[in-house]
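Presented below is the structure to which this report refers.
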Amino acid sequence: MTTLDPALVQALNARLVDHSELGASAADHAVIQSSTIAAIMDRKYDGDVTIKELLSGGDLGLGTLNGLDGELIIVDGEAWQAPAEGPVRRVGDDEQTPFAVATRFITDEVVEIERPLDYPELLTLLESHAPADSGCDAVRIDGTFPALHLRTVYRQEKPYPPFADVTANQVEWRYEDLRGTLVGFRFPHAASTVEMAGHHLHFISDDRTKAGHVLDCSAGPATLRIEAVGEMRLELPPGVELPDPHDVASDQQLRDLEGG
Ligand SMILES: [Zn+2]
């Protein structure tokens, strides 16, 4: 398909852009995104957007690197990778992503989390403060995390295996009492052709030694910041087409695979 799902256009004012205009085109309260979650489910693990291009349009975000090489965390305008093997590291400007979403983060609302919340309580809090008049929101939580259950995935070699095989061999870590930052997004069901509906959160510790995709956590005391997002700029790498809304995995199927 070559046209965006009307539901996505209506919910997020989405439009397609070339990768060269991805960063330049980003406006306030907008997300830029490379490729789609459906493409990842279809084993399209290589993209053509560089980290430099991504950072030119967003200073907070998440995703992965080409080859499905670990988890990507963008915070304070810096890109970090949590590889399955080896330490957390800064990502080079020329490295590329097959799937990422980022925003120039603007704080629209601040919520102090006074006491530790478990994961269901945290998600309920995020939902209760979700901007009513926006298509999605970006969140940032800075503070203490009494418990964290993170995962990352191994870099894949061609021919690429199905995503379910990748997550079946994922690496998981459990930590206690870390200080750090959660970054992420909440997308509506209308975005499920291109994004994971619901919350998607990545973590990185203050000392930048521990990071990953959040499967479970408790948070607090901490400060939650929320940005209302009303626009999406979407870039499709060569070979990636927009999915037919009828063909995409259900929200629950994606959630089962992705976790968190
Ligand atoms: Zn993730």
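Answer yes or no as to whether D94 is touching a Ser or Thr at 6+ places or on another chain (Cβ under 6 Å), surrounded by fewer than 18 Cβ atoms within 10 Å (Cβ to Cβ) and of a type in the set (D, E). Explain how you work it out, then say what you get.
Values: touching a Ser or Thr at 6+ places or on another chain (Cβ under 6 Å): yes; surrounded by fewer than 18 Cβ atoms within 10 Å (Cβ to Cβ): yes; of a type in the set (D, E): yes.
For D94, the condition - touching a Ser or Thr at 6+ places or on another chain (Cβ under 6 Å), surrounded by fewer than 18 Cβ atoms within 10 Å (Cβ to Cβ) and of a type in the set (D, E) - is met.
So, of the residues in region 43-57 that are crowded, with 20+ Cβ neighbours inside 10 Å and over 17 Å from G92 (Cβ atoms), which turns out to be farthest from the ligand (Cβ to nearest atom)?
It comes out as G57.
Suppose we filter region 179-197 for residues that are away from the ligand (no atom under 12 Å from the Cβ) and not polar (S, T, N, Q); how many remain?
Matching residues across region 179-197 total 10.
Any idea which residue in region 59-72 is nearest to the ligand (Cβ to nearest atom), counting only those that are more than 15 Å from V31 (Cα to Cα) and in contact with a Leu (Cβ under 8 Å, 6 or more places away or on another chain)? Give the derivation first.
Keep residues of region 59-72 that are more than 15 Å from V31 (Cα to Cα), which gives 64-72.
The next check asks that each one be in contact with a Leu (Cβ under 8 Å, 6 or more places away or on another chain); those that pass are 64-65, 71-72.
Numbers: T64: 7, L65: 12, E71: 6, L72: 8 Å.
Within region 59-72, the match that is nearest to the ligand (Cβ to nearest atom) is E71.
Can you find a residue in region 39-58 that is over 13 Å from A102 (Cα atoms) and within 14 Å of the chain's Cα centre (by Cα)?
Looking for residues that are over 13 Å from A102 (Cα atoms) and within 14 Å of the chain's Cα centre (by Cα), one finds at least one in region 39-58, hence yes.
Which pairs do you get when a residue that is touching a residue at least 60 places away in the same chain (Cβ under 8 Å), found in region 152-163, comes within reach of a residue that is in a loop (DSSP other than H, G, I, E, B) and among the polar types (S, T, N, Q), reach meaning Cβ atoms under 8 angstrom, with the pair 6+ apart or on two chains?
Hits for this filter: T152/Q170; V153/N169; V153/Q170; Y154/N169; Y154/Q170.
Which numbered condition in (1) of a type in the set (A, V, I, L, M, F, W, C); (2) assigned to a loop (DSSP other than H, G, I, E, B); (3) without any contact (Cβ under 8 Å) to a residue 24 or more places away in the chain is the only one that V9 fails?
The one condition V9 does not meet is (2).
Considering only residues that are within 16 Å of the ligand (Cβ to nearest atom), within 17 Å of the chain's Cα centre (by Cα) and either under 20 Å from A39 (Cα atoms) or free of Cβ contacts under 8 Å to residues at least 40 places away in the same chain (or both), which ones fall in region 215-252?
Selection gives D251 alone.
For (1) modelled with pLDDT under 95; (2) at positive phi, each residue gets a yes or a no:
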residue: A7; (1), (2): yes, no
residue: I32; (1), (2): no, no
residue: S35; (1), (2): no, yes
residue: V49; (1), (2): no, no
residue: L68; (1), (2): no, yes
residue: V75; (1), (2): no, no
residue: W80; (1), (2): no, no
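Identify, from the list Y160, Y119, the residue that is under 28 Å from V17 (Cα atoms) and either surrounded by fewer than 16 Cβ atoms within 10 Å (Cβ to Cβ) or of a type outside the set (A, V, I, L, M, F, W, C) (or both). Before the answer, list the steps.
Values: Y119 fails: under 28 Å from V17 (Cα atoms).
Of Y160, Y119, the one residue that is under 28 Å from V17 (Cα atoms) and either surrounded by fewer than 16 Cβ atoms within 10 Å (Cβ to Cβ) or of a type outside the set (A, V, I, L, M, F, W, C) (or both) is Y160.
The values are calculated or read from the model by the stated rules, or taken from the named source; none is laboratory data. Everything numeric here is computed off the predicted structure, so don't read it as measured data. With ideal geometry, Cβ positions are generated from the backbone for all residues, glycine too; neighbour counts draw on all protein chains shown.
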